[in-house]
Amino acid sequence: MSDFAALLARRRMCRSFLPDPLPPSVVDRVLGAARRAPAAGNSDGLDLLVLEGPDQTARYWDITLPADRRARFRWPGLLRAPLLVIPLADAEAYLDRYAEPDKAAGGLGRDEAAWAVPYWTVDAAFAAMLMQLAAIEEGLGVLFFGLFDHSAAVMDAFAVPGDRQPVGALAIGVPDREDDPGRSATRPRRPLDAIVHRGHW
């Protein structure tokens, strides 16, 4: 098995962490992986909101998981993750890039509605995936999860510019052996020949 195949085989979501802080060099390598993600037109429209340590991460959880819900929360070990990363897409960076002379003919520099697929979101999701793999390569656990209806409150609390769009959040840390898999973990994946349509549907 190749190193990459072995890495993919280890990829799974972790929902319980030890509170141990992560070495700065490890954090930087995980965050640095995001810069290797594809970006349409090299638009460079990605920012990362990084929360490290209990003081910063507690501010996030106080917003998204208030005390009245916390007592019933199935994965209390998730709140111990020492690192939270929120990838943020910047649509305006893509519009500006595609208004430049070498890209303007495509008409994508006018407004977001001109894009059949919002590539700023796609590329930010690519970056999130690369950070997940980088964290696993470092021997860490990782969980990707949505902000959902807490998105605006989180963005306000951390003074994120209003034109940035969060695509989710990553919890990263040393996995706890008591991790409880999610309810979906046992759902089988469709086999390759069920999802691949060669030449036609």
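The values are calculated or read from the model by the stated rules, or taken from the named source; none is laboratory data. Note that the structure is predicted; figures quoted are calculated from it, not measured. Using ideal geometry, Cβ is built from the backbone for each residue, glycine included, and neighbour counts are taken over all protein chains shown.
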Across the stretch 116-133, the tally of residues that are over 12 Å from the mean Cα position of the chain (by Cα) and surrounded by 19 or more Cβ atoms within 10 Å (Cβ to Cβ) stands at 2
Of the residues in the stretch 70-107, those that are more than 18 Å from Val160 (Cβ to Cβ), surrounded by 17 or more Cβ atoms within 10 Å (Cβ to Cβ), among the aliphatic types (A, V, I, L, M) and in contact with a Lys or Arg (Cβ under 9 Å, 6 or more places away or on another chain) number 3
Against the conditions (1) free of Cβ contacts under 8 Å to residues at least 60 places away in the same chain; (2) at positive phi, where does Gly146 fall short? Just the number, please.
(2)
Exclusive hit being touching a strand residue (DSSP E or B) at 6+ places or on another chain (Cβ under 6 Å) and of a type outside the set (Asp, Glu), set Val154, Val167, Val196
Val167
Residue within the stretch 88-98 that is small (Gly, Ala, Ser), over 19 Å from the mean Cα position of the chain (by Cα) and over 30 Å from Pro24 (Cβ atoms) present
no
Could you give every pair whose Cβ atoms fall below 6 Å, whose first residue belongs to the stretch 173-184 and is among the hydrophobic types (A, V, I, L, M, F, W, C), and whose second residue is at pLDDT 70 or above, counting only separations of at least 6 or pairs across chains?
Val174/Leu18; Val174/Asp20
For residues that are more than 20 Å from Met129 (Cβ to Cβ) and acidic (Asp, Glu), scanning just the stretch 75-112, find the one that is modelled with the lowest pLDDT.
Asp111
Select from the stretch 36-67 the residues that are free of Cβ contacts under 8 Å to residues at least 40 places away in the same chain and assigned to a helix (DSSP H, G or I) and list them in ascending order.
Gly53, Pro54, Asp55, Gln56, Thr57, Ala58, Trp61, Asp62, Ala67
Could you go through the stretch 138-158 and let me know if any residue there is touching a helix residue (DSSP H, G or I) at 6+ places or on another chain (Cβ under 6 Å), closer than 19 Å to Cys14 by Cα, surrounded by 19 or more Cβ atoms within 10 Å (Cβ to Cβ) and of a type in the set (A, V, I, L, M, F, W, C).
yes
